[in-house]
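Enquirer: One structure coming up, written as structure tokens, with questions to follow.
The values are calculated or read from the model by the stated rules, or taken from the named source; none is laboratory data. The model shown is predicted, which means the values in this text are computed figures rather than measured ones. All Cβ positions, glycine included, derive from the backbone under ideal geometry; neighbour counts span all protein chains shown. With ligands, DNA and RNA removed, areas are computed over all heavy atoms of the protein, side chains included. Shrake-Rupley method; radii C 1.70, N 1.55, O 1.52, S 1.80 Å.
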Amino acid sequence: MKKYKSVDTPEKGGGEGSLKYPAAGNFGFIEFQWEQIDNSGFSAVLDDSESVMPTFTAPTTTATLSFDLSVSDSEGEQSSDTVTISVISSGGV
């Protein structure tokens, strides 16, 4: 489920999490948890770290941001993966 996204600055960036279930499954609630795990020096402030698709304001310089996405359901099933976002500075254009 590794996802990559590139954004030009300045704009909002964000990750996207998804999970596929069998049609007959009954999983109750699903929880999402995002956490920034890179050492880019930029601290992304997510608008909602528990949503399926949070957003943040991208840095004004080129950077690679990585986030861990953990997903769990009411049956105790859990999964996690890393989402990498490449921010490309547009040089004020």
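Enquirer: Select from segment 39-61 the residues that are outside any loop (DSSP other than H, G, I, E, B) and either open to solvent by less than 60 Å² (accessible area, probe 1.4 Å) or at positive phi (or both) and list them in ascending order.
Expert: Residues satisfying the conditions are 55, 56.
Enquirer: Restricting attention to segment 62-76, report how many residues are touching a Phe, Trp or Tyr at 6+ places or on another chain (Cβ under 9 Å) and either in a strand (DSSP E or B) or at pLDDT 90 or above (or both).
Expert: Of the residues in that region, 9 qualify.
Enquirer: Hey, any hits in segment 2-15 for a residue that's modelled with pLDDT of 70 or more, β-branched (Val, Ile, Thr) and part of a strand (DSSP E or B)?
Expert: no
Enquirer: Sort out which residues of segment 26-38 are surrounded by fewer than 14 Cβ atoms within 10 Å (Cβ to Cβ), of a type in the set (D, E, K, R) and within 13 Å of the chain's Cα centre (by Cα), and write them in order of number.
Expert: Matches in segment 26-38: 35 only.
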